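For reference, the structure is listed below as C-alpha cells.
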Amino acid sequence: MSTIPNVSAKVEYACIAVLELATSYGSGQPVQIRRIADHQGIPSRFLVQILLQLKAAGLVNSTRGASGGYQLVRDPTELTLGYVMGLVEAHPTELTSNTNDLTPCSRVLLDAWQDVADVQRNILERTTFADLIDRVREHSESMYYI
C-alpha cells in the first residue's frame with residue numbers, strides 16, 4: 001500500500017505553473033496563461049488567481065499585451081518546492097492527536113507521524129525547481145512515440 005501526501009489542487013496547479021515558468025527562466029520571453037493552461041490541463045480562470053497570488057508574493061512578474069504573460073523572477077536553482085507550496089497554502093507545523101487523552105500508544109504514533117512529516121518537509125525544502133526540470137527532461141527523453 002502506498003499513499004501520497006495530501007496536496008490540494010491549488011498547490012499542485014501552482015507548482016505545475018512555476019515548473020512551466022521555470023523551464024523558460026532566463027529566456028526573456030513571458031509565458032502566456034493559455035499556454036500553461038493548455039499544456040498542463042489547468043483551468044485558466046483558476047490559473048489566473050494562482051499567478052496573481054504568486055505575483056503578489058514577488059515570485060513572478062507579468063507583462064501585458066498580446067505577447068505578454070508571466071515570467072519567473074527567482075532562479076529555479078534557488079527556488080524550492082516547499083517554498084512555493086508554503087506561499088500558496090500554509091501548512092500546520094505541529095501534528096496533533098485526535099484522541100482526548102494521550103496514551104503511550106497515541107504518543108508513539110504521533111511521534112512517528114511527526115518523524116514522517118519532518119522527512120517530507122526536508123525533502124520539499126531541498127528539492128529545487130531546477131531539480132524538477134531535470135526530472136521532466138529525463139522523463140520526456142525516456143518517452144517515445146510510435
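The values are calculated or read from the model by the stated rules, or taken from the named source; none is laboratory data. All values reported here derive from a predicted model rather than from experimental measurement. Cβ coordinates were reconstructed from backbone atoms using ideal geometry, including for glycine residues, and neighbour counts include every protein chain displayed.
Please go through (1) more than 20 Å from Asp131 (Cβ to Cβ); (2) out of contact with any strand residue (DSSP E or B) (no Cβ under 9 Å at 6 or more places or on another chain) for Tyr13 and return the number of the only condition it doesn't satisfy.
(1)
From (1) closer than 30 Å to Pro30 by Cβ; (2) surrounded by 13 or more Cβ atoms within 10 Å (Cβ to Cβ), pick out the condition that doesn't hold for Ser106.
Tallying (1) closer than 30 Å to Pro30 by Cβ; (2) surrounded by 13 or more Cβ atoms within 10 Å (Cβ to Cβ), Ser106 fails exactly one: (1).
Give the stretch 20-36 a look and list any residue that's exposed (fewer than 12 other Cβ atoms within 10 Å of the Cβ), under 21 Å from Glu78 (Cβ atoms) and not hydroxyl-bearing (Ser, Thr, Tyr), or say none.
Gly26, Gly28, Gln29
Looking only at residues that are of a type in the set (Ser, Thr, Tyr) and under 14 Å from Thr23 (Cα atoms) in the stretch 58-84, which one is surrounded by the fewest Cβ atoms within 10 Å (Cβ to Cβ)?
Thr77
Evaluate the stretch 102-121: report whether one residue or more is in contact with a helix residue (DSSP H, G or I) (Cβ under 8 Å, 6 or more places away or on another chain), of a type in the set (D, E, K, R) and free of Cβ contacts under 8 Å to residues at least 60 places away in the same chain.
yes
So in the stretch 37-55, with the set limited to residues that are without any contact (Cβ under 8 Å) to a residue 24 or more places away in the chain and either in contact with a His (Cβ under 7 Å, 6 or more places away or on another chain) or not charged (D, E, K, R) (or both), which one is surrounded by the fewest Cβ atoms within 10 Å (Cβ to Cβ)?
Here the answer is Gly41.
Which of the residues that make up the stretch 117-142 are under 16 Å from Gly82 (Cβ atoms), modelled with pLDDT of 90 or more and either of a type in the set (A, V, I, L, M) or in contact with a Cys (Cβ under 8 Å, 6 or more places away or on another chain) (or both)?
Of everything in the stretch 117-142, those that are under 16 Å from Gly82 (Cβ atoms), modelled with pLDDT of 90 or more and either of a type in the set (A, V, I, L, M) or in contact with a Cys (Cβ under 8 Å, 6 or more places away or on another chain) (or both) turn out to be Val119, Ile123, Leu124, Ala130, Leu132.
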